[in-house]
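Quick notes on the structure that follows.
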Amino acid sequence: MRRLLLLLCLLPAFALAQTMITRDGVTLTPPQEKRAEAVGGQLRCLVCQNESIEESNAKLAAQLRGIIRTQVKQGVPDKQILAYMVQRYGIFVLLKPPFLPLTWLLYAMPVLALAVGFAAFWFGRRHGNAPKPLDEAEAARLEELLRE
Amino acid sequence: MSPLRRRLLFGVPLVLAVAGGEGFYVLLRRMRNNEYDPHALPSPLIGKRPPAFSLPGIAGMRGFANTDIAAPPRPMLVNWFASWCMPCAEEAPLLGQLAAGGLSIWGIAYEDDAKSLQAFLAQNGNPYQRLASDASGTTAINWGVYGVPETYFIDKSGIVRWRYAGALTPEIVKSTLNPLLERYS
């Protein structure tokens, strides 16, 4: 009877333990894990530069995932975790480049391309008017050429 | 179609294609000459002092802390390496030459153990005046090290002026390290 009671008391703990997720040495609740994955998904793995830290199998990526998870557990806000990484590895670590003096051309490109497109269109229209109708002499010459 | 328009229609794409081709050619030539590495990252540590750390010595050598490199008598190198790293063995003879030429090189062994390190130093020579061990890799993360070897140039005021990721080569020493040494000593 006593054992049964103990088991009953421990039941919620078991349930909780099952839903907890352990990755890279840190145990998190599902919402915490989701947040950690979202943060890691925004960071570039520096060893294999086209993968995110979440996807990468590199050892450094695993260490950084551990750091992210530890900070998530401590309740550090996303922005601060990203800043931690940028401070160490530079803005290159962010998969989505932030808007900076260095990157404004990158972000302005669609607008610039559109402007160039409009300019080309306008230029084409202005000079692309239909030719003037032929005068009499020209019409006669055309007739002559066609007859040959 | 006016002659000007026809010329533009032909000329503008031609000029763009030639300019683009020239750009790619320069890029590839610089990559081949080791003057440009598309994977290289600028270190955020440039112009700053290394973050606080204190690492124990390893393989019978003295370790060091950030305070020990805050004001070196002459510009120096901090070289991150590991016994398990192939390019580290590759650059070892060059580091040996630089050390023999009077340059201070302090080493930090990245995620390594004393036994393998001793074997590595016995085989490849020991250019290091001091040798610290970052067994956990935490200090490496704080420095922004993303692989070994990495070499940091530290000037007399303890500020990082240059970081090179990858094995040092005689070309890099000639093109970058020597001018830095001249400038900061």
Cβ-Cβ under 9 Å pairs, at least 6 apart or on other chains, the stretch B:154-171 side touching a residue at least 40 places away in the same chain (Cβ under 8 Å), far side in a loop (DSSP other than H, G, I, E, B) and hydroxyl-bearing (Ser, Thr, Tyr): B:Asp155/B:Ser185; B:Lys156/B:Ser185; B:Val160/B:Ser43; B:Trp162/B:Ser43; B:Arg163/B:Ser43; B:Ala165/B:Ser43; B:Ala165/B:Tyr146
Members of the stretch B:156-166 found to be away from every other protein chain (no Cβ under 14 Å) and under 20 Å from B:Gln97 (Cα atoms), listed by number: B:Trp162, B:Tyr164
Number of positions in the stretch B:135-151 that are farther than 26 Å from B:Ile172 by Cα and not polar (S, T, N, Q): 2
Sole residue being of a type outside the set (Gly, Ala, Ser), exposed (fewer than 14 other Cβ atoms within 10 Å of the Cβ) and not in a strand (DSSP E or B), chosen from B:Gln123, B:Gln118: B:Gln123
Counted residues, the stretch A:72-111 - those being assigned to a helix (DSSP H, G or I) and outside the structural domain of A:Val47 (by TED's automatic domain parsing): 8
For A:Ala113: the one exception among (1) away from chain B (no Cβ under 13 Å); (2) out of contact with any strand residue (DSSP E or B) (no Cβ under 6 Å at 6 or more places or on another chain); (3) surrounded by 15 or more Cβ atoms within 10 Å (Cβ to Cβ); (4) not basic (Lys, Arg): (3)
One residue from A:Met109, A:Met1, A:Met20, A:Met85 being at pLDDT 90 or above and more than 17 Å from B:Val145 (Cα to Cα): A:Met109
Meets criteria (within 30 Å of A:Thr29 (Cα to Cα), away from chain B (no Cβ under 13 Å) and without any contact (Cβ under 8 Å) to a residue 12 or more places away in the chain) for A:Pro133: no
Filtered residues of the stretch B:36-66 (kept if closer than 19 Å to B:Glu150 by Cβ, in contact (Cβ under 8 Å) with a residue 24 or more places away in the chain, assigned to a loop (DSSP other than H, G, I, E, B) and away from chain A (no Cβ under 14 Å)): B:Ile58, B:Gly63
Those residues of the stretch B:126-155 which are buried (at least 19 other Cβ atoms within 10 Å of the Cβ), within 14 Å of chain A (Cβ to nearest Cβ) and of a type in the set (S, T, N, Q), in sequence order: B:Thr139
Count - residues of the stretch A:46-63 that are within 19 Å of the chain's Cα centre (by Cα), at the interface with chain B (Cβ under 8 Å from one of its Cβ atoms) and over 20 Å from B:Gly166 (Cβ atoms): 0
Residue in the stretch B:167-177 that is of a type outside the set (S, T, N, Q), within 13 Å of chain A (Cβ to nearest Cβ), within 21 Å of A:Cys48 (Cβ to Cβ) and buried (at least 19 other Cβ atoms within 10 Å of the Cβ) present: no
Filtered residues of the stretch A:64-86 (kept if more than 14 Å from chain B (Cβ to nearest Cβ), out of contact with any helix residue (DSSP H, G or I) (no Cβ under 6 Å at 6 or more places or on another chain) and in contact (Cβ under 8 Å) with a residue 40 or more places away in the chain): A:Lys73
Selection from the stretch B:134-185 of residues that are of a type in the set (Asp, Glu) and over 19 Å from B:Leu117 (Cβ atoms): B:Asp155, B:Glu171, B:Glu182
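The values are calculated or read from the model by the stated rules, or taken from the named source; none is laboratory data. If you're wondering where the values come from, they're calculated on a predicted model, not measured in any experiment. Backbone-built Cβ (ideal geometry, glycine too); neighbour counts: all protein chains shown.
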